[in-house]
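Only one structure is covered here, and it is reproduced in the block below.
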Amino acid sequence: MTLLAVERIKLFSTRSPYWCSALALVLGVGLTAIIAASTDNGQLSLGVTQFGSSQLALSVVLVMAALAVTTEYRFSTIRATFLAVPNRTSALVAKTVVVAFIAAVLGEIIAFGSVGMAKLLSPASDLAINSGDEWRHVAGVGLLYGIGAIIAIAVGILVRQTAGAVAILLVWNMLLEGLIGIIPKAGVKIQAWLPFMNANHFLQLGGANAAEQAGAGVDFKLSQWGSLGYFAGIAIAMLVVALIVAKRRDA
């Protein structure tokens with residue numbers, strides 16, 4: 001518990017969590033507000049309300065998580081951490097738990113905030129969350145953010161440089177996985193096993209909403225909960241590799 005408290009204090013002693021959280025809220029809830037305001041009253045669907053939260057806002061949260069690690073390497077404060085806590089694995093796991101928890105809570109705030117904003121601007125639209133699929137679509141955003149933060153921390157530990165880690169995460173999430181789909185024949189098959197594609201698959205609603213969401217048209221081999229487990233498995237595997245590397249090399 002002491003390590004968790006220390007990592008929490010260290011995280012919020014910098015400005016990046018505040019700025020990134022504010023930007024994620026603006027992008028997630030703000031984009032929903034723009035869409036709701038430009039859509040005829042009564043025509044907005046629940047699937048559209050999470051467009052910003054599952055794409056743009058997620059990217060900001062990934063950057064926030066990476067900065068939690070790379071900033072320490074940049075200013076060499078990680079050395080003091082490892083001197084105080086010789087067990088590097090414990091220190092880095094504590095940081096991961098704190099950042100992932102904050103990311104998950106932020107994801108829930110953005111997800112339900114987006115629904116609330118949509119209801120406010122389009123009161124005639126049917127945005128009730130009744131079924132299990134609808135709850136998964138909205139409440140699942142927090143799970144996606146928390147697991148995504150673990151991946152971002154792993155990349156930050158491995159790369160150690162802010163520019164490199166941020167570039168890898170943004171290109172990977174926002175560009176690379178989508179571009180792979182243009183590869184003839186094999187592209188869609190490869191996409192079915194990419195981490196963030198599976199994360200989006202977990203959030204997908206069925207029926208008429210499916211075509212509006214990222215990852216639509218990909219032939220996923222796993223169920224939606226299976227895709228979440230796969231996404232989490234990749235995150236844990238990357239973190240384990242990052243912890244092994246961090247333990248073996250100089251700070």
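For the stretch 8-19, the set of residues classified as in a helix (DSSP H, G or I) and farther than 17 Å from Ala152 by Cβ consists of Arg8, Ile9, Tyr18, listed by residue number. State which residue is nearest to Ala163 (Cα to Cα) when the search covers only the stretch 65-88 and only residues that are open to solvent by 40 Å² or more (accessible area, probe 1.4 Å) and not polar (S, T, N, Q). Per the criteria, the residue is Arg74.
Criterion first (under 23 Å from the mean Cα position of the chain (by Cα), surrounded by fewer than 18 Cβ atoms within 10 Å (Cβ to Cβ) and in a helix (DSSP H, G or I)) does Ala22 satisfy it? I'd like the intermediate steps shown before the answer.
Numbers: under 23 Å from the mean Cα position of the chain (by Cα): yes; surrounded by fewer than 18 Cβ atoms within 10 Å (Cβ to Cβ): yes; in a helix (DSSP H, G or I): yes.
Taking the combined requirement at face value, the residue satisfies it.
Go through the stretch 109-213 and tell me which helices (runs of 4 or more DSSP H), entirely inside it, have 1 or more residues that are over 15 Å from the mean Cα position of the chain (by Cα) and surrounded by fewer than 21 Cβ atoms within 10 Å (Cβ to Cβ). Spell out the reasoning first.
Numbers: elements: 132-159, 162-170, 186-191, 195-203.
In the stretch 109-213, 132-159, 162-170, 186-191 are the helices (runs of 4 or more DSSP H) which contain 1 or more residues that are over 15 Å from the mean Cα position of the chain (by Cα) and surrounded by fewer than 21 Cβ atoms within 10 Å (Cβ to Cβ).
Criterion first (closer than 23 Å to Ala154 by Cβ, hydroxyl-bearing (Ser, Thr, Tyr) and in a helix (DSSP H, G or I)) does Ser59 satisfy it? So Ser59 fits the description; yes.
How many of the residues in the stretch 43-56 are open to solvent by 30 Å² or more (accessible area, probe 1.4 Å) and either of a type in the set (Phe, Trp, Tyr) or part of a loop (DSSP other than H, G, I, E, B) (or both)?
So in the stretch 43-56, the residues open to solvent by 30 Å² or more (accessible area, probe 1.4 Å) come out as 43, 48, 51, 55-56.
Checking which are either of a type in the set (Phe, Trp, Tyr) or part of a loop (DSSP other than H, G, I, E, B) (or both) leaves us with 43, 51, 55.
Residues that pass the stated criteria total 3.
Using beta carbons and a limit of 7 Å, which pairs, at least six apart or on different chains, have the first residue in the stretch 45-71 and touching a residue at least 40 places away in the same chain (Cβ under 8 Å) and within 29 Å of Ile129 (Cα to Cα) and the second one outside any helix (DSSP H, G or I) and open to solvent by 10 Å² or more (accessible area, probe 1.4 Å)? Pairs that qualify, where the first residue is touching a residue at least 40 places away in the same chain (Cβ under 8 Å) and within 29 Å of Ile129 (Cα to Cα) and the partner is outside any helix (DSSP H, G or I) and open to solvent by 10 Å² or more (accessible area, probe 1.4 Å), are Leu46/Leu205; Gly47/Leu205; Gly47/Gln213; Ser54/Ala214; Gln55/Ala214. Val60 meets each of the listed conditions (1) touching a helix residue (DSSP H, G or I) at 6+ places or on another chain (Cβ under 7 Å); (2) within 14 Å of Ser114 (Cβ to Cβ); (3) modelled with pLDDT of 90 or more apart from (2).
The values are calculated or read from the model by the stated rules, or taken from the named source; none is laboratory data. Just so it is clear, the model here is predicted, and its values are computed rather than measured. Cβ sites come from the backbone with ideal geometry, for glycine too, and all protein chains shown count toward neighbours. Just so you know, the surface numbers come from the protein's heavy atoms only, side chains and all, with ligands and any DNA or RNA stripped out. Shrake-Rupley method; radii C 1.70, N 1.55, O 1.52, S 1.80 Å.
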